[in-house]
Amino acid sequence: MTDFLEITRGDSPLILGLPHTGTTLPPDVAARLNATGRAIADTDWHIHDLYAGLAEGITTVRTTIHRYAIDVNRDPTGASLYPGQNTTGLCPLTDFDGRPLYDEGDAPDADEIERRRLAYHIPYHTALEAELTRIRAVHGFALLYDCHSIRSVIPFLFDGTLPDFNIGTSKGTTCAPSIEQTVTAICAGAAGYSMVLNGRFTGGWTTRHYGRPADGWHAIQMELSQDAYMTKSPPWNYDTEKADRLRPHLKTILDTLTRWRPA
């Protein structure tokens, strides 16, 4: 087992992907990054804690490596997730505000990007695919729920304020319609919260790559607004009062998906 991967195995059909909660910068990567990079502001802070204990029997796959080293939710070829829009790449060169993560001459070249891909990107997806395969062998299908969060106001990436629940299914292609409908209905019914389906975030590479309903692999991405469960500025603290209001809705989602079965 690779020491930067944390895997828990359950026997239900549901798998949680946790690609962006890690805060570890390998020393060789940290040495290249500037102060902005080393601040690791664009973490999906506390997401693994927010979902912890909400449902029984689920499988989780988490990397502890920070996305500034390599983003495991990006296409390994380097192709953009959102052509024509501001975004960050496989080995990000800027943060979500467009500020450089490296000083001149320190950014990773093609060889360094490939080294990071082999060291961190491939092992995460090897582990995730193994769990999807294992679960499908048991149930005849597997359901991947990819867990994310982001600041609600980031002008470099999107206009205005992001809703609390941002559901991504790549325009309905990555999961059975009933999965999309079920999660959307739960979020729409969560009093005091806002939601959108396939808005600014339609699902990252993980959701798009593993969302193969015809093959028995269903995938859905949930991008939460960080305002819904934590503070808006460094040191990015978990807000227990906010989180305790949000967690019952997330539990309803996970419990419902755990019980979902193909028609």
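Any read-out appearing in this document is the output of simple, stated calculations on the displayed coordinates, not a laboratory observation. Only a predicted model underlies this, so the values are computations on that prediction, with no experimental measurement involved. Using ideal geometry, Cβ is built from the backbone for each residue, glycine included, and neighbour counts are taken over all protein chains shown.
So, in the stretch 18-46, of the ones that are of a type in the set (Asp, Glu) and more than 24 Å from Thr8 (Cβ to Cβ), which residue ends up farthest from the chain's Cα centre (by Cα)? Give the steps one after another, and end with the answer.
First pass over the stretch 18-46, keeping only residues of a type in the set (Asp, Glu): 28, 42, 44.
Then drop every residue that is not more than 24 Å from Thr8 (Cβ to Cβ), which leaves 28, 42.
Values: Asp28: 24, Asp42: 12 Å.
Going through the qualifying residues, I end up with Asp28.
Take the residues of the stretch 178-210 that are on the phi > 0 side of the Ramachandran plot and in contact with a strand residue (DSSP E or B) (Cβ under 7 Å, 6 or more places away or on another chain): which is surrounded by the most Cβ atoms within 10 Å (Cβ to Cβ)? Steps first, please.
So in the stretch 178-210, the residues on the phi > 0 side of the Ramachandran plot come out as 192, 198, 203.
Keeping just the survivors that are in contact with a strand residue (DSSP E or B) (Cβ under 7 Å, 6 or more places away or on another chain) gives 198, 203.
Details: Asn198: 18, Gly203: 29.
Per the criteria, the residue is Gly203.
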Fill in: Residues of the stretch 69-102 that turn out to be touching a strand residue (DSSP E or B) at 6+ places or on another chain (Cβ under 9 Å), over 16 Å from Phe156 (Cβ atoms) and of a type outside the set (S, T, N, Q), as a count
3
Discussion item. Out of the residues in the stretch 82-138 meeting the condition of being of a type in the set (Gly, Ala, Ser) and either under 17 Å from Ile7 (Cβ atoms) or assigned to a loop (DSSP other than H, G, I, E, B) (or both), tell me which one is farthest from the chain's Cα centre (by Cα).
Written reply: Gly105
Worksheet item: Within the stretch 1-35, can you find the residues that are surrounded by fewer than 22 Cβ atoms within 10 Å (Cβ to Cβ), over 17 Å from Ile65 (Cα atoms) and either in contact with an Asp or Glu (Cβ under 8 Å, 6 or more places away or on another chain) or among the small types (Gly, Ala, Ser) (or both)?
Response: Arg9, Gly10, Ser12, Asn34, Ala35
Practice prompt. Could you please let me know if Trp260 is more than 19 Å from the chain's Cα centre (by Cα) and buried (at least 16 other Cβ atoms within 10 Å of the Cβ)?
Written response: yes
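Which of the residues belonging to the stretch 101-118 are at negative phi and either in contact with a Gly (Cβ under 8 Å, 6 or more places away or on another chain) or free of Cβ contacts under 8 Å to residues at least 40 places away in the same chain (or both)? Spell out how you get there, then give the answer.
The first filter runs over the stretch 101-118 and keeps only residues at negative phi, leaving 101-104, 106-118.
Within the stretch 101-118, Leu101, Tyr102, Glu104, Asp109, Ala110, Asp111, Glu112, Ile113, Glu114, Arg115, Leu118 qualify.
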